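Asker: After the C-alpha cells below, expect a handful of questions from me.
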Amino acid sequence: MAKRNPKPVTNEPDRITGSVERVTFHSEESGFAVLKVKVRGHRELVAVTGTLPNISAGEWLEAEGQWHIDPKYGQQFKASQLRTTHPDTLEGIERYLGSGLIKGIGPVYAKKLVQAFGKDVFDVIDHRSALLLKVEGIGPGRRTAIKEAWAEHKVVREIMTFLLSHGVSTARAFRIYKTYGEKAIETVMGDPYCLARDIRGIGFKTADQIAAHLGIARDSDVRARAGVEYVLQELTSDGHCAYPQAKLIEETATILEVDTDIVARAVAHGVEMERLVPDRDAHGEPLIYLRALYQAESQFAVILRRLAGGRHPCPVIDMTKALPWVEQKVGLTLADSQKHAIEQALSHKVTIITGGPGVGKTTIVNAILKILRAKKLRVVLCAPTGRAAKRMSETTRMTAKTIHRLLEFDPATGQFKHHDKKCLSGDVFVVDEASMLDIHLAYQLVRAIPPHAAMIWVGDIDQLPSVGPGTVLRDMIDSGRFGVSRLTEVFRQAAASAIVANAHRINQGQLPLSPEKDASGATPSSDFYFLPIEEPEAAVERLIRTVKESLPRKFGLDPMEHVQVITPMQRGVLGARNLNQALQAALNPEGEAIERFGYQYRVGDKVMQMTNDYQKDVFNGDSGRIIQLNDAERSVKVRFEHRVVEYDYQELDELSLSYAITVHKSQGSEYPFVVLPIHTQHFVLLQRNLLYTAITRGKKMVLLMGSPKAVAIAVRNTDSRQRITRLRDRLSDHVSEA
C-alpha cells in the first residue's frame, strides 16, 4: 500500500465567521476584545480574541487568525484581523439595536423597529427615516435623535478603525468626530499634527505616531513646525508665557531627535506665518511666544494701563464721614490698614487688595460695596471658579458670577459675547481670588470692562500661582502702577483659629503646630491637627478610616458633603488617582456603574469637571454628583449646584472622581473639613506656597497626616520656578504698546 503524503504545513490563517453572542471584555483605549461567537459547525460558543474599535452583541463577525490553546481559558481563536458587519438575522438585528449602541434605541424600541421593518430597518434609518414615525412611541424628536446617532455611530466607527490601523488608541475618536465632523479622516490625513493642536487629550506624541504611519519623515519641516508649537504649549503648562529662543530650539531638537538647524528653520517659518511672535526679555535675549499668548499679555497691559487713567466713577467722598458711617454699617471698628485700603479702592480706578487668611479682606470688600451702593453705582462681582463665586455671594449677600458666565460664551461664534466691542454693564468690577487668573482669562475679562469703570482685584499672592500661564496678580503688584493694599495684621477673632495661625507660620517659614496631649492623655480641642504616619500604605488606611468613620462619628457630618481630601499630586499611593479609587470603594461601593477611560463612574459619585465646556456651560473645577446613568441613551447626568448637566458616555473624560483632588484643583474653594496627606513621595511638588494653599482651604478643621520630613521640606522650599512673562515690564511702561 502506497504511503500517503503528509498534509503540507502552511502559514495561511484560518477563517471563521459567526454571530457575536456576548462581549466578555472590550477596552475602549486599546481596542482589545474577548468575544463569545456562535460559529457554524461548532456546538459550543467560540472564544475569539483580537483588536477592533467597538463591538456589540448581535453583530456578524469575520475573523482571520490561528487557533490557540490558552492554559487557563482553553481553546481560543486568536484573530490577527477582525471585521464586523450588520447582523442579517432578525434576532441578531434586534439584539444589535437593543444593545445601547445607538442613543434613543433600547431593547423596547429595537423590538418595535424589527417588527415594523424587518431586515430593512438599517436602510429605513439611513435613507427613509420619516417611516420611523409610524412606530408607536417615536415622534419627530426621537426620530431625529435616532437618525443623528446612527450617522454619528458610522462616522465614529470609521475614525476608530482608521486610528486603530495606525497603532493608536481609539478612546478620543468621539472627540475627533465632534471637532472635525465627517471630514475627520480627510483632515487627519492632510495634517495629523492638527490632533495635538485641536483635540484635548491627544498630544504631540500620538499625532507624531500617526504621522509616522502616514509616511511623514522624522526630519520633515512639517514635523519640526508642529514640534516647536508642541514644546511651547507644554511650557505654558509650567506657567511660562514665552521661552528663550535658543533654549526652545535646543529642547525641541532634543525631543524630536533632529538637527537644531531644522528646528531653527521651523521657528523662522512660524514667525513668518505669524503663528509665533518674537520678542526680547529685559536683558535683550530673544524670546518666542505663541501668538495667542503674546496678544493676551500685550493687550492686557495696554487695556489695564488705559483703564487705570481718568476719573473714578465714584464721586469724591468725604472719608472723615464715610468711614465712621461704614463702620456703623458693618458693625466693626476698622484698622488703619483697612481704612487705607478702602480709601484707595474709592480713589484709584484699578486697585489691588492682597493678604492671607484672617486679615480682613472680606470686611474691606463689604465696606467698599456698602459705600459704592450708597452712591448708586452699579457693582459687578466675579471670581474664577464656581465655588469662589458662590462664597463671594454668601459673604457679600450680592450676586457673584464666574468670569466665564459673566462674559457669556456664544456657541455660534466660539467666542465670548462680551468684549471690547460689546462691553459689560457696570461701574465697579470686583474680582475675587485674583491670584488664580491666568493671562488668557484675565485678558478676556479686562477687554470687556467699560472704559469708565473701576476694578478692584482681591487675592492672596502667597498662594499657588494660576494653573495656566502667567503670574498676573503678582506682576500687577510688582509693576508699581496701581494702588496696592497688602494686609498683614491678623485680627483677634481669626487669630484664635489654629488654621489661620499655622497658615501664617508656614508663610513665615515656620513649622505648623499641632495640639499636644495633656497630662490626662487627652488632646485639646483645635481646628488643626497633624498626624505623623511614615508609611504611605498605612496613611491611606488611616485616611479612609478617618473620612468614613472618625469624622462622621465625632462631628455628625456627611463625609460626601463635608469632607474634602486634598493631596499634592495625581500619582503615587497618596496621589489623587489612587485615593479616589480607595475612597469610592469605601464611601460609594454599590450601585449602577459604567467604566470609561480607565475609571469607574457610579451613581452618587463626587465628580469634578476637568476642562471648560462652553457648550454645556460647565467649567474647569466645577464640582457635582452623578445622579443617573442611562444605558439606552448612553448618557450620564450630573448635578452641579442647582442644575443638571448631561454627558455622553464618550464625554466622560471631561469628568474626574473628586473624593480626592489636587491642591491646584482646590484653589478658590473652601471646605468644612480638609484631610491633607503629605509625604516625601510628593517631593517634586513640596513647596511652601502649595502647603499654605492647601491648609487655607479648610474652614472648620484641617487634618494634616503623613511624613514630618515632607512637611519640613515643603515649609523650607520657596524655590518656585520663575515663570517667563513680560507683563510686569509692559505694565511699567518698560515695553512699548503692542
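Asker: How much accessible area does residue 109 have with a 1.4 Å probe, in Å² rounded to the nearest 10?
Answerer: 40
Asker: For region 314-430, report the translational diffusion coefficient in µm²/s to the nearest whole number, using Stokes-Einstein at 37 °C, 0.692 mPa s, and a Kirkwood Rh over Cα pairs.
Answerer: The estimated diffusion coefficient comes to 211 µm²/s.
Asker: Subtracting the Cα-Cα distance from 0.36 nm times the residue separation, let me have the gained length for residue 282 to residue 86 in nm, one decimal.
Answerer: 64.0 nm
Asker: In whole angstrom, note down how far apart the Cα centers of region 67-137 and region 526-568 are.
Answerer: 49
Asker: Here's a follow-up. Per residue, what volume in Å³ does the Cα convex hull of the chain take up? It would help to have the intermediate numbers written out before the result.
Answerer: Values: hull volume 168.0 nm³, N = 738.
With only Cα atoms used, the chain gives 228 Å³ per residue.
Asker: Please list, in chain and number order, the residues 5+ apart from residue 531 or on another chain whose amide H is under 5 Å from its amide H, with Hs placed from the backbone.
Answerer: When sequence neighbours closer than 5 places are left aside, the close amide H contacts are 704, 705, 706.
Asker: Which whole-Hz couplings ³J(HN,Hα) result when phi for each residue of region 265-279 is put into the Karplus expression 6.51 cos²θ - 1.76 cosθ + 1.60, θ = phi - 60°, listed in order with x for Gly and Pro?
Answerer: 5, 5, 4, 4, 5, x, 5, 4, 7, 6, 8, 10, 10, x, 7
Asker: I need the phi-derived Karplus couplings for region 673-689: 6.51 cos²θ - 1.76 cosθ + 1.60, θ = phi - 60°, integer Hz, Gly and Pro marked x.
Answerer: Here the 3J(HN,Hα) series is 10, 10, 10, 10, x, 9, 8, 5, 5, 8, 3, 5, 10, 6, 9, 4, 5 Hz.
Asker: Under the rule of at least 5 residues apart or a separate chain, name every residue whose amide H is placed under 5 Å from the amide H of residue 453.
Answerer: Amide H neighbours of residue 453: none.
Asker: Kindly identify region 165-240 as rounded, prolate or oblate by the Cα gyration tensor criterion: order the square roots of the eigenvalues as a ≥ b ≥ c, call it rounded if a/c is under 1.5, otherwise compare a/b with b/c, prolate if a/b is larger, else oblate.
Answerer: On the way: a/c = 1.87, a/b = 1.20, b/c = 1.56.
The shape class here is oblate.
Asker: I would also like to ask the following. Can you list the residues, at least 5 places off or on another chain, whose amide H is less than 5 Å from the amide H of residue 401, using H built in the peptide plane?
Answerer: 381, 382, 383
Asker: Going through region 625-699, which GluC sites (Glu not before Pro) have at most 14 other Cβ atoms within 10 Å and a DSSP loop state?
Answerer: 641
Asker: Continuing with the same structure: Please report the antiparallel percentage of the DSSP beta bridges confined to region 345-484, to the nearest 5.
Answerer: Working: 3 of 21 bridges.
Bridges in region 345-484 are about 15 percent antiparallel.
Asker: Shape verdict for region 263-328, please, from the Cα gyration tensor: rounded (a/c under 1.5), prolate (a/b greater than b/c) or oblate.
Answerer: Cα axes put region 263-328 in the prolate bin.
Asker: Report the FRET efficiency, 1/(1 + (r/R0)^6), for residue 115 and residue 24, where r is their Cβ-Cβ distance and R0 is 25 Å, rounded to 0.05.
Answerer: That pair, residue 115 with residue 24, gives E of 0.25.
Asker: Return the sequence-ordered ³J(HN,Hα) values of region 222-238 in whole Hz as given by the Karplus equation 6.51 cos²θ - 1.76 cosθ + 1.60 applied to θ = phi - 60°, using x for Gly and Pro.
Answerer: After applying 6.51 cos²θ - 1.76 cosθ + 1.60, I find 5, 5, 5, 5, 5, x, 4, 5, 4, 5, 4, 5, 4, 5, 5, 5, 8 Hz.
Asker: If ligands, DNA and RNA are left out, what is the accessible area of residue 111 with a 1.4 Å probe, given in Å² to the nearest 10?
Answerer: Rounded to the nearest 10, that gives 100 Å².
Asker: Enter the accessible area of residue 297 (Å², nearest 10), with the probe set to 1.4 Å and all protein chains included.
Answerer: Accessible area, nearest 10 Å²: 0 Å².
Asker: Could you work out how far the C-alpha centroid of region 433-479 sits from that of region 354-412, in angstrom?
Answerer: A separation of 14 Å, based on Cα centres.
The values are calculated or read from the model by the stated rules, or taken from the named source; none is laboratory data. Source: prediction; values computed, not measured. We place every Cβ from the backbone using ideal geometry, glycine too, and count neighbours over all the protein chains shown. We work out accessible area using only protein heavy atoms, side chains counted, and drop any ligands, DNA or RNA first. Shrake-Rupley method; radii C 1.70, N 1.55, O 1.52, S 1.80 Å.
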